[in-house]
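Trainee: Structure provided below as C-alpha coordinates; questions to follow.
The values are calculated or read from the model by the stated rules, or taken from the named source; none is laboratory data. These numbers were taken from a predicted model, which means no experiment stands behind them. We place every Cβ from the backbone using ideal geometry, glycine too, and count neighbours over all the protein chains shown.
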Amino acid sequence: MNGRDVTKGFTVDAGTPMSDLEVEVTALTARVTIGAANGRGEAVANFDVIVFPQDMANWSLSLQGRSASGRTDQDGRYQTPPLIAGDYYVAAADSLEPGDSADPEILAELRTRAQRVTIHDGETANVQLKTER
(Lines give C-alpha, C1' and ligand atoms only; values in the text may rest on other atoms or scores of the structure.)
Protein backbone atom coordinates (compact mmCIF):
# COMPACT_ATOMS: atom_id res chain seq x y z
CA MET A 1 0.00 0.00 0.00
CA ASN A 2 1.54 3.27 -1.12
CA GLY A 3 4.76 1.36 -1.87
CA ARG A 4 4.98 -0.33 1.56
CA ASP A 5 4.90 -4.04 2.32
CA VAL A 6 1.90 -4.45 4.63
CA THR A 7 1.94 -8.22 5.03
CA LYS A 8 2.51 -7.68 8.76
CA GLY A 9 -0.75 -5.75 8.93
CA PHE A 10 -1.88 -2.17 8.69
CA THR A 11 -4.53 0.13 10.09
CA VAL A 12 -6.88 2.36 8.15
CA ASP A 13 -9.04 4.84 10.02
CA ALA A 14 -12.76 4.72 9.25
CA GLY A 15 -13.62 6.97 6.34
CA THR A 16 -10.03 7.23 5.13
CA PRO A 17 -9.76 6.46 1.42
CA MET A 18 -7.17 3.88 0.42
CA SER A 19 -5.14 4.24 -2.73
CA ASP A 20 -2.41 2.29 -4.42
CA LEU A 21 -3.28 -0.97 -2.71
CA GLU A 22 -1.83 -3.90 -4.63
CA VAL A 23 -2.66 -7.46 -3.60
CA GLU A 24 -0.42 -10.26 -4.82
CA VAL A 25 -1.72 -13.80 -4.53
CA THR A 26 0.60 -16.65 -5.36
CA ALA A 27 0.57 -20.41 -5.15
CA LEU A 28 4.37 -20.41 -5.13
CA THR A 29 5.88 -21.01 -1.76
CA ALA A 30 9.32 -21.92 -0.53
CA ARG A 31 10.54 -24.64 1.80
CA VAL A 32 13.68 -25.66 3.64
CA THR A 33 14.73 -29.29 3.99
CA ILE A 34 17.08 -29.85 6.92
CA GLY A 35 19.36 -32.80 7.48
CA ALA A 36 20.98 -33.40 10.86
CA ALA A 37 24.05 -35.57 11.30
CA ASN A 38 26.63 -36.14 14.03
CA GLY A 39 30.40 -35.87 13.61
CA ARG A 40 30.52 -39.41 12.18
CA GLY A 41 28.00 -38.48 9.48
CA GLU A 42 25.20 -40.55 11.05
CA ALA A 43 21.66 -39.20 10.84
CA VAL A 44 20.29 -37.80 14.11
CA ALA A 45 16.59 -38.40 14.77
CA ASN A 46 14.35 -36.38 17.13
CA PHE A 47 16.57 -33.32 16.82
CA ASP A 48 14.90 -29.92 17.37
CA VAL A 49 15.37 -27.48 14.49
CA ILE A 50 14.05 -23.99 13.83
CA VAL A 51 13.84 -21.74 10.78
CA PHE A 52 13.24 -18.05 11.45
CA PRO A 53 13.59 -14.78 9.51
CA GLN A 54 16.86 -12.88 9.45
CA ASP A 55 14.86 -9.65 9.78
CA MET A 56 14.51 -9.15 13.55
CA ALA A 57 11.35 -7.08 12.97
CA ASN A 58 9.58 -10.34 12.07
CA TRP A 59 10.71 -12.34 15.11
CA SER A 60 7.78 -11.64 17.39
CA LEU A 61 5.14 -11.95 14.67
CA SER A 62 3.07 -15.10 14.66
CA LEU A 63 2.30 -15.02 10.96
CA GLN A 64 1.97 -18.27 9.09
CA GLY A 65 4.80 -18.80 6.65
CA ARG A 66 7.35 -16.63 8.50
CA SER A 67 8.97 -19.37 10.61
CA ALA A 68 8.92 -23.10 11.27
CA SER A 69 10.15 -25.49 13.90
CA GLY A 70 10.01 -29.21 14.46
CA ARG A 71 12.01 -32.39 14.98
CA THR A 72 13.94 -34.47 12.55
CA ASP A 73 12.46 -37.83 11.57
CA GLN A 74 14.11 -41.26 11.90
CA ASP A 75 16.29 -40.41 8.87
CA GLY A 76 17.50 -37.17 10.45
CA ARG A 77 15.41 -34.98 8.12
CA TYR A 78 12.83 -32.23 8.58
CA GLN A 79 10.97 -30.28 5.91
CA THR A 80 9.30 -27.01 6.76
CA PRO A 81 5.74 -26.23 5.85
CA PRO A 82 5.42 -23.61 3.09
CA LEU A 83 7.34 -20.41 3.87
CA ILE A 84 7.29 -16.93 2.39
CA ALA A 85 10.34 -16.45 0.19
CA GLY A 86 13.12 -14.56 1.94
CA ASP A 87 16.22 -14.69 4.10
CA TYR A 88 16.17 -17.09 7.05
CA TYR A 89 18.31 -18.54 9.80
CA VAL A 90 18.35 -22.31 10.32
CA ALA A 91 19.47 -23.56 13.72
CA ALA A 92 19.56 -26.55 15.98
CA ALA A 93 17.94 -26.10 19.36
CA ASP A 94 18.45 -28.11 22.54
CA SER A 95 14.71 -28.25 23.15
CA LEU A 96 11.98 -25.92 21.96
CA GLU A 97 8.98 -25.04 24.08
CA PRO A 98 5.74 -23.59 22.70
CA GLY A 99 6.30 -19.90 22.01
CA ASP A 100 10.09 -20.15 21.74
CA SER A 101 9.97 -19.55 17.98
CA ALA A 102 8.67 -16.01 18.62
CA ASP A 103 10.84 -15.16 21.63
CA PRO A 104 13.41 -12.51 20.58
CA GLU A 105 15.87 -13.47 23.35
CA ILE A 106 15.90 -17.14 22.34
CA LEU A 107 16.14 -16.30 18.64
CA ALA A 108 19.03 -13.88 19.26
CA GLU A 109 20.96 -16.67 20.99
CA LEU A 110 20.14 -19.21 18.27
CA ARG A 111 21.19 -16.74 15.57
CA THR A 112 24.79 -16.89 16.84
CA ARG A 113 25.12 -20.50 15.72
CA ALA A 114 22.62 -20.58 12.86
CA GLN A 115 23.23 -21.06 9.17
CA ARG A 116 21.87 -18.47 6.74
CA VAL A 117 19.72 -19.44 3.78
CA THR A 118 17.81 -17.49 1.15
CA ILE A 119 14.81 -19.16 -0.43
CA HIS A 120 12.91 -17.99 -3.50
CA ASP A 121 9.33 -18.63 -4.60
CA GLY A 122 8.91 -22.25 -5.68
CA GLU A 123 12.31 -23.27 -4.32
CA THR A 124 13.33 -25.84 -1.71
CA ALA A 125 16.67 -25.13 -0.06
CA ASN A 126 18.70 -27.89 1.58
CA VAL A 127 20.60 -27.24 4.81
CA GLN A 128 22.84 -29.69 6.65
CA LEU A 129 23.29 -29.25 10.40
CA LYS A 130 26.03 -30.92 12.44
CA THR A 131 25.18 -32.05 15.95
CA GLU A 132 27.24 -33.12 18.91
CA ARG A 133 25.02 -36.11 19.65
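Trainee: Could you tell me which residue of the range 104-133 is farthest from ASN38 (Cα to Cα), considering only residues that are without any contact (Cβ under 8 Å) to a residue 12 or more places away in the chain and among the acidic types (Asp, Glu)?
Mentor: Filtering first and then ranking leaves GLU105.
Trainee: Report whether or not SER95 is over 13 Å from the mean Cα position of the chain (by Cα) and hydroxyl-bearing (Ser, Thr, Tyr).
Mentor: It is true that SER95 is over 13 Å from the mean Cα position of the chain (by Cα) and hydroxyl-bearing (Ser, Thr, Tyr).
Trainee: Next question. I'm trying to understand the selection: among the residues of the range 1-41, which are at pLDDT below 70 and of a type in the set (Gly, Ala, Ser)? Reasoning before the result, please.
Mentor: The first filter runs over the range 1-41 and keeps only residues at pLDDT below 70, leaving 1-10, 24-27.
GLY3, GLY9, ALA27 - these are the residues of the range 1-41 that are at pLDDT below 70 and of a type in the set (Gly, Ala, Ser).
Trainee: Can you confirm whether the range 80-101 contains a residue that is among the acidic types (Asp, Glu) and without any contact (Cβ under 8 Å) to a residue 24 or more places away in the chain?
Mentor: First, the residues of the range 80-101 that are among the acidic types (Asp, Glu): 87, 94, 97, 100.
Now drop any that are not without any contact (Cβ under 8 Å) to a residue 24 or more places away in the chain, which leaves 97.
Checked the range 80-101: at least one residue is among the acidic types (Asp, Glu) and without any contact (Cβ under 8 Å) to a residue 24 or more places away in the chain.
Trainee: Residues that are in contact with a Ser or Thr (Cβ under 6 Å, 6 or more places away or on another chain), at least 3 per element: which strands (runs of 3 or more DSSP E) completely within the range 9-111 meet that?
Mentor: So the answer is 31-37, 48-53.
Trainee: For the range 70-85, check the following and say yes or no: at least one residue is surrounded by fewer than 12 Cβ atoms within 10 Å (Cβ to Cβ), closer than 18 Å to ALA36 by Cβ, among the polar types (S, T, N, Q) and modelled with pLDDT of 95 or more.
Mentor: Looking through the range 70-85, at least one residue is surrounded by fewer than 12 Cβ atoms within 10 Å (Cβ to Cβ), closer than 18 Å to ALA36 by Cβ, among the polar types (S, T, N, Q) and modelled with pLDDT of 95 or more.
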